[in-house]
Structure formats: structure tokens, C-alpha cells
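Below you'll find the structure, written out as C-alpha cells, and then a few comments.
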Amino acid sequence: DNSDLSDGVKDRVNAIFTRLAEAEAKVHGIDVEQVHFHEVGAMDAIIDVAGACIGFEMLGIERFGCSKIHTGSGFVQMEHGKFPVPPPAVSELLKGIPMYSTEIEGELITPTGAAIISTVCDSYGALPELKVEHTGYGAGTRTYDGFPNVLRLFMGTTAAADKRSANGNITEELLVLEAN
């Protein structure tokens, strides 16, 4: 494409949307070339993915870790009908990734979020030993009783990277994603 985005950003955006298309194709039993993004084809999803990838590059993130994924509970209305949370594409994208559900009703992870996380993250679970250099928060627009709709990011150096840097090797940056 002719955009001013770097090749690294373009590659990551393509990887995320490819993963999303593969999940949709599997759920619908069709070829990837036949996938038409209903819920995630909107401009906001494209901006979310491209914006995240640009931010990752600008921050120089080398590795990603993520907490367990809180999927929410209940049902979500989609173009093809009413589905339990997590809906089929999200379930496909989160295969092999630790997730959990509580009494919080609603979809707490979207197909776009699941595609980003499952494409970029190397590890999932508890916060690793980390020398935190920056913390960031982002709040969603949905509100839940007694439950914050917040994404928290930690950026820092892992303890293992600190030990390696003492030996003269390159340190690594790690971004940890946690959502409530």
C-alpha cells in the first residue's frame, strides 16, 4: 500500500487482520478469501488495530505479556443472531489462552481486541517480575456496576533482561496488558 506507515507496522496490522480472518473463516466454515467482516469491519476497528501497531512501534516494544482474559458473561447480539459470551470468533482467537468469566454481564473482549492480543502476546497469566518504567490506563465507554471498564499497560524491563544486560547483552522491553 502507499501509506506512510512503516513496513513493521504494516506487517503487524496484516498479521492481526489475517488472524482475525482465519478465525472468522473457521467459525463460518468458509475460505479466508470469502470472509466479510461484519462487526469488526468498521472504521473504528481498523483505527484500533493500526493505532495499536503504531503505538507499539513508537514505544519500541519487543515482547508482550497479557493477564488472563476476562471474557464477561451473558449473551451478545450479532448480525447472525444472539450468541453466548465469548462469541464464536473470540473463542477461536483465544484458543490456548487462559481466560475466565465472572458475573459481569456483557462482552468484555471484542474480536478486534482478541485478535490484537493473540497475535502480539508471548505469554499470559500473572504479572512477571518487572522493573516498571511507565504505566498507562485507558477507559472504555461502557459502564458496569462496581466494575471498571479499564485497560492498564505496564512497560518495563523484565528481571531476566536486567540480568542479561549486566553481562553486556541487549535488554528487552516488555509490555503487559491487563483489562478489567
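Given the options 35, 132, 76, name the one that is in contact with a Phe, Trp or Tyr (Cβ under 7 Å, 6 or more places away or on another chain), at pLDDT below 95, of a type in the set (A, V, I, L, M) and open to solvent by less than 40 Å² (accessible area, probe 1.4 Å). Working first, answer last.
Values: 35 fails: in contact with a Phe, Trp or Tyr (Cβ under 7 Å, 6 or more places away or on another chain); 132 fails: open to solvent by less than 40 Å² (accessible area, probe 1.4 Å).
One residue alone meets the criteria, 76.
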Name the residue, out of 45, 15, 25, 52, that is at pLDDT 95 or above and either within 16 Å of the chain's Cα centre (by Cα) or over 21 Å from residue 123 (Cα atoms) (or both). 15
Please go through segment 94-106 and give me each residue that is assigned to a loop (DSSP other than H, G, I, E, B) and touching a residue at least 24 places away in the same chain (Cβ under 8 Å), ordered by number. 94, 97, 98, 101, 102, 103, 104
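Check 177, 151 and return the single one that is modelled with pLDDT under 65 and either under 20 Å from the mean Cα position of the chain (by Cα) or among the β-branched types (Val, Ile, Thr) (or both). Steps first, please.
Details: 151 fails: modelled with pLDDT under 65.
Among 177, 151, only 177 is modelled with pLDDT under 65 and either under 20 Å from the mean Cα position of the chain (by Cα) or among the β-branched types (Val, Ile, Thr) (or both).
Residue-wise test of (1) small (Gly, Ala, Ser); (2) in a helix (DSSP H, G or I).
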{"residue": "3", "(1), (2)": "yes, no"}
{"residue": "9", "(1), (2)": "no, yes"}
{"residue": "14", "(1), (2)": "no, yes"}
{"residue": "22", "(1), (2)": "no, yes"}
{"residue": "33", "(1), (2)": "no, yes"}
{"residue": "44", "(1), (2)": "no, yes"}
{"residue": "50", "(1), (2)": "yes, yes"}
{"residue": "92", "(1), (2)": "no, yes"}
Tell me yes or no: at least one residue of segment 74-82 is of a type outside the set (A, V, I, L, M), over 15 Å from the mean Cα position of the chain (by Cα), in a helix (DSSP H, G or I) and over 26 Å from residue 150 (Cβ atoms). no
All positions within segment 56-73 that are assigned to a loop (DSSP other than H, G, I, E, B) and either in contact (Cβ under 8 Å) with a residue 60 or more places away in the chain or touching a His at 6+ places or on another chain (Cβ under 8 Å) (or both): 60, 61, 62, 67
Given the condition buried (at least 16 other Cβ atoms within 10 Å of the Cβ), closer than 19 Å to residue 46 by Cβ and modelled with pLDDT of 95 or more, answer yes or no: does some residue in segment 106-114 qualify? yes
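The values are calculated or read from the model by the stated rules, or taken from the named source; none is laboratory data. This one's a predicted model, so the numbers in the text were calculated from it and none came from an experiment. Note: ideal-geometry Cβ built from the backbone for every residue, glycine included; neighbour counts use all protein chains shown. Areas reflect the complete protein model, heavy atoms only, side chains present, ligands, DNA and RNA absent. Shrake-Rupley method; radii C 1.70, N 1.55, O 1.52, S 1.80 Å.
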